[in-house]
1. Please determine whether any residue of region A:17-33 is within 14 Å of chain B (Cβ to nearest Cβ) and either surrounded by 14 or more Cβ atoms within 10 Å (Cβ to Cβ) or farther than 27 Å from B:G28 by Cβ (or both).
2. Only helices (runs of 4 or more DSSP H) wholly contained in region A:281-392 count here; list those with 3 or more residues that are at pLDDT below 95.
3. Pick from A:P273, A:P250: which is within 27 Å of the chain's Cα centre (by Cα), buried (at least 22 other Cβ atoms within 10 Å of the Cβ) and away from every other protein chain (no Cβ under 11 Å)?
4. Of these, B:F53, B:F82, which one is away from chain A (no Cβ under 14 Å), of a type in the set (A, V, I, L, M, F, W, C) and surrounded by 15 or more Cβ atoms within 10 Å (Cβ to Cβ)?
5. Cβ-Cβ below 9 Å, separation at least six or inter-chain, first residue in region B:333-348 and more than 10 Å from every other protein chain (Cβ to nearest Cβ), second aromatic (F, W, Y) and part of a loop (DSSP other than H, G, I, E, B): which pairs?
6. Is it true that some residue in region B:260-272 is within 13 Å of chain A (Cβ to nearest Cβ), out of contact with any strand residue (DSSP E or B) (no Cβ under 8 Å at 6 or more places or on another chain), buried (at least 23 other Cβ atoms within 10 Å of the Cβ) and not small (G, A, S)?
7. Taking A:L14 and the conditions (1) at pLDDT below 95; (2) surrounded by fewer than 22 Cβ atoms within 10 Å (Cβ to Cβ); (3) more than 20 Å from the chain's Cα centre (by Cα); (4) within 12 Å of chain B (Cβ to nearest Cβ), which numbered condition does it fall short on, given that it satisfies the others?
8. Does region B:113-129 include one or more residues that are of a type in the set (G, A, S), within 13 Å of B:A318 (Cβ to Cβ) and touching a helix residue (DSSP H, G or I) at 6+ places or on another chain (Cβ under 6 Å)?
Amino acid sequence: MKSFLLIFSGVLVLAVFSQAVAKDWSEIEKQANGQTVYFNAWGGSQTINEYIQWAARQVQKKHNVRVIHVKATDISDVVSRILVEKAADKKTNGSVDLMWINGENFKAMKENKLLYGPFSQKLPYYQLVDIENKKTLLYDFTTPVDNMESPWGMAQLVFSYDSKQVKKHPKNMLDLLAFARENPGRFTYPSIPGFHGTTFIKQVLHELIHDPEVLNQPVIQSDFEKNTQPLWDFLDALHPFLWRKAKVFPTSASQMVSLLNDNEIFISFSFNPNSVSNAIKNGELPNTIRTYIHTNGTIGNAHFVGIPFNSSARQGAMVFANFLLSPEAQARKADPTIWGDPTVLDTQKLVGRDKDLFDAVPKGIATLTPKELGQGLPEPHVSWVQALEKKWLETYSK
Amino acid sequence: MSGQAKGRIFPVVVISLFCITILAGLFGTLLPSLNYLPVIGYTRISLSAWFDFFSYPGIQTSIFVTLFSGITASFGVVCLAFLFISFSYGNALWKFFEKILAPVLSIPHAAFAIGFGFLIAPSGWLMRMVSPVLTGFTRPPDWIILNDPAGLSLTIALVIKEFPFLIMVTMGALGQLDIKKTLLVGRALGYSKEQIWLKILIPRLYPHLRLSVFAVIAYSLSVVDMAIILGPSSPSSLSVLILKWFNDPDMSFKLLAAAGSLFLFFMVVVSILCACLMERAVLVFLRPWITNGKRCSFVSPLKSIIFFMGCGTLFFTAVSSVILVIWSLTWQWRFPDFLPATWTLKLWAKGLMSSFDPVMTTLFTGLASAFIGLLLAIGCLEHEVAAGKTRTRNYTGYIHYFLYLPLLVPQITFMAGIQFLLVIMNMDGYWISLMVSHLLFVLPYMFIALSATYIAFDERVTDQAMLLKRSYIKVLFRVKLPMLIKPILFSFAIGFSVSVAQYIPTMLVGAGRFSTITTEVVSIASGSDRRAIAVYALIQQCLPMMMYAFAIIFPKILYYNRKGMQV
């Protein structure tokens with residue numbers, strides 16, 4: 001009886017709660033009606049731009065919310081602009097209503113109080129998000145998300161190689177070093193500081209450090225040298241065999257794609273397990289490129305959308321963020337022929353039409369299965385980035 | 001003459017616009033460089049940002065590379081331009097240059113850099129032309145050509161891109177001198193053509209060019225887009241490093257960026273002062289050579305080299321554009337294929353569709369800023385002419401000092417400060433602010449392009465017209481301006497193309513509300529799809545080219561039956 005009562009009251013609370021959410025939400029939708037949302041997001045990929053255009057058309061149709069994609073070259077430009085607005089005490093009518101963000105930029109925005117506040121829990125589709133298994137949805141590069149950004153997609157470091165040139169791909173960093181020795185000049189990584197280059201050295205560190213557990217903690221300066229020595233030894237050994245003997249580094253991960261296509265390098269990497277499949281479909285890469293990850297896993301993280309503190313269209317922004325979480329939008333995004341960005345939803349929770357949507361998503365020609373990809377290694381504590389970048393610059397940038 | 005008396009409003013407006021914005025911008029950068037940026041918690045004035053700047057890993061190399069590439073490029077391009085004029089003035093090559101100059105100038109720096117990069121890279125088009133037949137390479141060789149640590153490829157690209165600019169400015173200034181007579185007299189005295197140029201004409205021409213030369217120096221030192229594509233990467237040149245700091249997620253880097261950009265400004269100022277010293281030195285040391293009376297010339301052997309280099313700049317510019325056209329039609333293209341394996345029009349279809357709105361914004365902003373720029377430029381020049389006639393105070397004379405400020409102060413140094421002020425005044429994100437920010441860069445170039453011809457206009461014509469019809473306005477609009485239609489349209493086209501190319505002002509002032517074709521190009525260029533980049537770069541290139549074509553063709557149609565206007 002007691003337990004029955006407990007369950008009953010639990011159900012009641014849940015029902016009242018979800019009704020309250022629904023009521024709140026319909027209020028938000030009402031206010032969103034007719035708003036214009038300036039969605040600031042990286043605009044370097046036509047594939048992604050087209051997806052955003054599609055999503056914008058949907059919310060226009062369904063909710064009468066107008067979404068304008070402001071194409072940023074680098075989202076930190078946008079963070080800077082919001083910072084300027086804050087400095088100028090511009091509390092409303094900010095230039096940005098929603099932005100694509102994660103990692104260090106999120107941390108910077110959170111620390112400088114540039115975000116609107118917790119909102120993702122209000123989004124109805126947030127209930128489908130797989131927060132149980134995908135820890136990076138709660139800790140963005142170890143910074144607690146606290147509902148201040150809403151999940152959009154998953155990412156994981158994935159290596160790509162030209163199967164025509166490389167018969168057997170490396171399985172760990174030492175293999176990669178051996179590959180570089182045998183094929184001088186056919187591997188490189190983007191310059192540091194920069195997201196992709198830094199991720200690569202984080203991956204190296206993860207694989208070579210004696211105790212990976214320390215990476216979850218803030219950097220302790222006194223132990224930094226000792227802990228990271230295997231990384232610098234590795235890079236010292238690797239650099240003479242890199243592309244251009246490590247005298248030149250590619251400026252970005254984008255340039256790595258061109259280098260792979262030009263046969264300048266044979267092994268590259270990206271942060272989207274489907275990007276190679278998508279690039280093959282687009283003609284950007286030949287169909288001999290395949291992907292792999294290292295045996296002990298690779299670093300994974302997530303990306304989000306956040307609302308700045310001074311947005312005057314935050315209801316519209318929430319409606320759009322909610323739509324981006326819908327099974328319809330997430331399944332389309334996961335399709336490698338469209339974008340191929342892995343979903344943040346728990347597909348096990350889906351039923352009926354929503355489930356069919358995901359079942360219909362084709363597997364990309366060069367995409368690994370979710371099982372092959374595994375869980376993804378956690379990002380090191382965010383303080384490691386600056387320490388690693390500083391040391392790298394001191395050692396290799398002269 | 002009341003119209004002329006009121007004319008001083010033009011220079012006064014222009015001078016205050018330029019002074020206020022740039023000083024305000026500099027101030028907005030000075031404070032953070034002194035550790036003052038309250039919004040992220042820095043309120044104690046100190047020099048720590050400067051210490052951080054000078055102790056940043058690799059900063060010495062970075063500064064050195066910037067100085068090396070900037071100064072070598074400026075010095076190289078000035079020498080090349082002067083020698084080229086001396087050797088080729090009046091010959092067929094020169095006439096060809098006159099015709100081809102406009103389209104060459106209209107190619108945006110970034111588009112050229114992308115094309116040039118793809119041309120000379122080890123996996124680039126030149127290598128593909130000869131591989132594997134001649135070289136045996138089935139894979140691109142691992143050579144450092146692009147992004148070389150010394151910045152050589154950047155230097156060469158800068159020379160190629162600045163050369164036509166200097167030639168254009170020179171062509172404009174030639175009207176100030178009586179070239180034909182000087183050459184005739186010189187030849188009669190037994191000097192060779194090159195000697196007359198180098199000993200007499202160039203020294204007299206130089207004062208008209210000096211500000212443009214300074215602008216070249218400033219540009220070469222602070223260039224960002226070309227440096228990202230072609231410059232060294234670790235460490236990169238100073239301007240690129242500053243941009244990285246500005247964009248670093250760690251906000252405290254903003255202080256470092258502010259200090260760095262002021263230091264860049266300092267480098268520009270010092271370099272220009274050095275250039276002034278060099279002018280003096282040349283004056284002192286070359287005077288004996290100029291007046292030694294010797295008729296033999298040591299420069300003649302250089303002739304073929306200079307021709308070769310002059311044509312080389314054209315060749316590289318042209319081929320860089322061709323390569324963009326090919327990439328824009330590519331589906332798949334791998335090394336060492338000479339041409340793409342599969343072609344497509346898909347990228348064009350996509351690009352044209354999604355670039356319609358940005359193109360419209362670009363057109364309106366460009367037309368508006370060039371039009372206002374034209375009004376201001378003509379107003380100022382009219383005032384100068386009038387002041388000359390009546391020997392009253394010439395306010396436009398001061399303009400020369402201020403007008404070039406936006407070209408001399410690195411954009412990145414003062415635009416961030418301006419953005420801050422606009423946000424405070426709630427004026428960011430408006431089209432009008434965007435247009436005025438473009439005007440800052442449009443007007444100087446228009447002024448450079450127009451002033452020489454405008455001042456050289458034979459005022460006897462207007463005086464005559466005034467005698468017949470005593471209305472200053474009517475004479476101006478019905479006689480003088482129609483007669484000057486060619487240079488006016490040409491400077492309009494230049495102003496328009498400068499507006500089209502603006503990236504940093506559009507981003508900072510437009511608050512993301514306005515996307516122009518250039519912001520689209522830059523954002524798509526941050527991705528990996530060279531085919532899409534090529535499509536956007538070509539669309540971007542088309543706009544100024546159309547305007548130049550209009551500037552060339554329209555006067556021809558308008559005056560098809562006026563023989564005197566055909567020249």
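1. Of region A:17-33, the ones within 14 Å of chain B (Cβ to nearest Cβ) are none.
Checked region A:17-33: no residue is within 14 Å of chain B (Cβ to nearest Cβ) and either surrounded by 14 or more Cβ atoms within 10 Å (Cβ to Cβ) or farther than 27 Å from B:G28 by Cβ (or both).
2. Working: elements: A:314-325, A:327-334, A:352-359, A:370-373.
Helices (runs of 4 or more DSSP H) meeting the threshold: A:352-359, A:370-373.
3. Working: A:P250 fails: away from every other protein chain (no Cβ under 11 Å).
Exactly one of A:P273, A:P250 is within 27 Å of the chain's Cα centre (by Cα), buried (at least 22 other Cβ atoms within 10 Å of the Cβ) and away from every other protein chain (no Cβ under 11 Å), namely A:P273.
4. Details: B:F53 fails: away from chain A (no Cβ under 14 Å).
None of the others qualify; the one that does is B:F82.
5. Listed pairs, sorted by first residue: B:L339/B:W333.
6. Start the filter on region B:260-272 by keeping residues that are within 13 Å of chain A (Cβ to nearest Cβ), which leaves none.
No - not one qualifying residue is present in region B:260-272.
7. (4)
8. Here is the first cut: in region B:113-129, the residues of a type in the set (G, A, S) are B:113, B:115, B:117, B:121, B:123-124.
Then keep just the ones that are within 13 Å of B:A318 (Cβ to Cβ); that gives B:115.
Narrowing the set further to residues that are touching a helix residue (DSSP H, G or I) at 6+ places or on another chain (Cβ under 6 Å) leaves B:115.
Yes, the conditions are met somewhere in region B:113-129.
The values are calculated or read from the model by the stated rules, or taken from the named source; none is laboratory data. Here the structure is a predicted model, which is why all the values come from computation and not from measurement. All Cβ positions, even for glycine, are placed from backbone atoms using ideal geometry, and neighbour counts span all protein chains on display.
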